[in-house]
């Protein structure tokens, strides 16, 4: 599956300022906008111990507490409801559910604040497939699964802009797909084809699966997991710049960091767990993989999962402590709206927050979590929505696509929210621009996170405009507003040794009355991983209650 975004902000100099725009087009005096989405202050207040603790007074009770309302938490809630267990609460730090799959609205147009597509589920992702059938996105016709065409990505799906200095044509222009090979030499094509064969051989020899918990771990996978993808490519004789840049691009898309930081297992899993790697133009090459997408991205899915939860979904609830005992678990919560602490008692707890946060919340940290938490790395991301009053002028090449990437860009390209609208005439739209900031080392990752949190919105606004201007010189005068979302810890990075770590595997099982259910357990932030983990944890809790089907408070 290839849906790249791209690379790291390569230093403070990349934070372009308005003078960068001089001579490109008429820029407005000011562009409205600002930071939206997650409230970093809430998370930092928890980290710094600045939230009051609940006293020992009266506590509220529920049978099950779910900590976190991202994909995993919402999937766990769905599993409980399916089992007839509705005496639960889902506690969410932010003001709305969704985690990394939340949506936004600009002038009535929906757009994503994070994840924006779902690949068609493979044979191992049967929990996801079951749910897509349940909500009408998939159905069986003549013995085969058919997906709602309105929710599949409309054509054209993806394209890349190559500027004149890259030597493709004098004026620069757009090219179909995300790996343009016009003018590629025989050496490049040979390495691309060898890599395709290498992936195919590894698919046959080793167990790659999505979700990865259904992979049969083996010494062969462990050997790949023990080294960086960049090191494996070098050792395997892959030195072609075009191939390495593309694979780096792909790693940043799925993992938020590049070849120098993610493991070889992760880099190969990107292709081997789905449809392999195919060289554009080759007879055997497959068309772009079909994906499901919506104007608001995967917020369409999380909003559907959250429907009907009512008061069971407690937003603006900052967990400050989880204290398991022999018979029950106490949870301390800071209620943002009431500005006061609360205390809850639950019989079972499903922990659906990143593992580094779970380690801070738990009074008694399970040994596997204590062992692995200090070694976890999380990639920061910037997601920016640009509201346009009219369509942009288009350079030569394929028509505007859903996924649009700029070759050589320090960022990851953009998707067009209105591409899925089916409107007959182009008009106002929102472009959602993605920037992964994980870099090639932990030092780069940490420096990028600091810049993301400290640099003002205006600096990042200007950097995004500077990134897009080579392809869209008329962008400044057609802009209405820019809203940006910061993710300090957007996704776990599958660094060498993480996926095969026994401590990570141990956390996949119940820890007394605690059940961990986050995509972190799979060493990758992917919808199928989170949904499957949440579903399995919810089912495990239902079994702990004896498979109750009709009780409001199982005992």
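Any residue at all in segment 480-495 that's farther than 28 Å from residue 292 by Cα and surrounded by 20 or more Cβ atoms within 10 Å (Cβ to Cβ)? Taking every residue of segment 480-495 in turn, at least one turns out to be farther than 28 Å from residue 292 by Cα and surrounded by 20 or more Cβ atoms within 10 Å (Cβ to Cβ).
Test residue 326 against the stated conditions and say whether it is out of contact with any helix residue (DSSP H, G or I) (no Cβ under 9 Å at 6 or more places or on another chain) and free of Cβ contacts under 8 Å to residues at least 12 places away in the same chain. So residue 326 passes the test.
Restricting attention to segment 230-271, and to residues there that are more than 21 Å from the chain's Cα centre (by Cα) and in a loop (DSSP other than H, G, I, E, B), which single residue is farthest from residue 100 (Cα to Cα)? Top of the filtered list is 237.
Can you confirm whether residue 479 is modelled with pLDDT of 95 or more and within 28 Å of residue 368 (Cα to Cα)? Criteria not met by residue 479.
On the given criteria, is residue 211 surrounded by 15 or more Cβ atoms within 10 Å (Cβ to Cβ) and farther than 30 Å from residue 442 by Cβ? Taking the combined requirement at face value, the residue does not satisfy it.
Residue-wise test of (1) surrounded by 14 or more Cβ atoms within 10 Å (Cβ to Cβ); (2) within 22 Å of the chain's Cα centre (by Cα).
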residue	(1), (2)
45	yes, no
60	no, no
67	yes, yes
94	yes, yes
98	yes, yes
102	yes, yes
107	no, no
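Here 370, 358 are screened, and the one residue that is at pLDDT 95 or above and crowded, with 20+ Cβ neighbours inside 10 Å is 358. If the condition is being at pLDDT 80 or above and at positive phi, then segment 28-62 contributes 33, 34, 37. With a requirement of 1 or more residues that are out of contact with any helix residue (DSSP H, G or I) (no Cβ under 8 Å at 6 or more places or on another chain), the strands (runs of 3 or more DSSP E) lying completely within segment 26-114 that satisfy it span 32-35, 60-67, 88-92, 103-106. Filtered by the rule that a residue be touching a helix residue (DSSP H, G or I) at 6+ places or on another chain (Cβ under 9 Å) and either part of a helix (DSSP H, G or I) or crowded, with 18+ Cβ neighbours inside 10 Å (or both), segment 197-208 gives 198, 199, 200, 202, 203, 205, 206, 208.
Yes/no matrix, rows are residues, columns are (1) modelled with pLDDT of 95 or more; (2) loosely packed, with under 10 Cβ neighbours inside 10 Å:
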residue: 137; (1), (2): yes, no
residue: 143; (1), (2): no, yes
residue: 149; (1), (2): no, yes
residue: 155; (1), (2): no, no
residue: 158; (1), (2): no, no
residue: 163; (1), (2): no, no
residue: 166; (1), (2): no, no
residue: 173; (1), (2): no, no
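Among the conditions (1) in contact with a helix residue (DSSP H, G or I) (Cβ under 8 Å, 6 or more places away or on another chain); (2) within 30 Å of residue 316 (Cβ to Cβ), the only one that residue 134 does not satisfy is (1).
What residue, of 206, 224, is within 24 Å of residue 120 (Cβ to Cβ) and modelled with pLDDT of 95 or more? Exactly one of 206, 224 is within 24 Å of residue 120 (Cβ to Cβ) and modelled with pLDDT of 95 or more, namely 206.
The values are calculated or read from the model by the stated rules, or taken from the named source; none is laboratory data. Here the structure is a predicted model, which means the values were calculated and not measured. Cβ atoms come from the backbone with ideal geometry, glycine included; neighbour counts cover every protein chain shown.
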